[in-house]
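One structure below.
The values are calculated or read from the model by the stated rules, or taken from the named source; none is laboratory data. Keep in mind that this is a model prediction, so the values were computed, not measured. Neighbour counts run over all protein chains shown; Cβ positions are idealised from the backbone, glycine included. Just the protein is used for accessible areas: all its heavy atoms, side chains included, with ligands, DNA and RNA removed. Shrake-Rupley method; radii C 1.70, N 1.55, O 1.52, S 1.80 Å.
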Amino acid sequence: MTLLDPRVPRFNQGVVGVLSLAAFVAQTPLILPVLALLLGLGAFFGPQANPLALVWRRIVVPTLRLDAPSRTKDAAPVRFAQGVGFAFLAVASVALLVVSSPLVGWSLTLLVAALALLAATTDICVGCEIYVLAVKWTRRTARA
């Protein structure tokens, strides 16, 4: 089990949420594939591969002189949530840049922005909660 500083996903979610919302407001869909890539790196290769986690460790922590976290959290639910965000933003990118379907593209973008900002501001990660429920459900069905 990989553990991580719980502030890292909140920083990541804040950046993704703000930039997704900014992409919508500015009608700039080219931001979305970049955000999808950032989420995909973290989801598929772990927190150490996420460029925003690197920014957190190398720039934010030393600049703000933050102490080490008092607790850590399992990275698996965060990676799952990042995978879902990656999928949504990848589909949004294709919808906006290839298929010319702004309703689908911007709807998915706003969903990602809303859920990312919810997680960043309240620590309620819907993707993480879905992961936990799925693990409980699969364990229960495996026992039956």
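Among the residues making up the stretch 52-68, those that are outside any loop (DSSP other than H, G, I, E, B), surrounded by fewer than 13 Cβ atoms within 10 Å (Cβ to Cβ) and either of a type outside the set (Lys, Arg) or touching a Pro at 6+ places or on another chain (Cβ under 8 Å) (or both) are 59, 62, 63, 64. Listed conditions (1) crowded, with 17+ Cβ neighbours inside 10 Å; (2) under 16 Å from residue 24 (Cβ atoms); (3) within 18 Å of the chain's Cα centre (by Cα) are all met by residue 125, apart from (2). Residues considered: 119, 87, 92, 113. Of these, the only one that is assigned to a helix (DSSP H, G or I), touching a residue at least 60 places away in the same chain (Cβ under 8 Å) and under 15 Å from residue 40 (Cα atoms) is 92. Could you please let me know if residue 24 is open to solvent by 20 Å² or more (accessible area, probe 1.4 Å) and either polar (S, T, N, Q) or closer than 27 Å to residue 135 by Cα (or both)? In short, no. Of the residues 30, 41, 37, 19, the single one that is of a type outside the set (Ser, Thr, Tyr), over 13 Å from the mean Cα position of the chain (by Cα), open to solvent by 30 Å² or more (accessible area, probe 1.4 Å) and at pLDDT 90 or above is 30.
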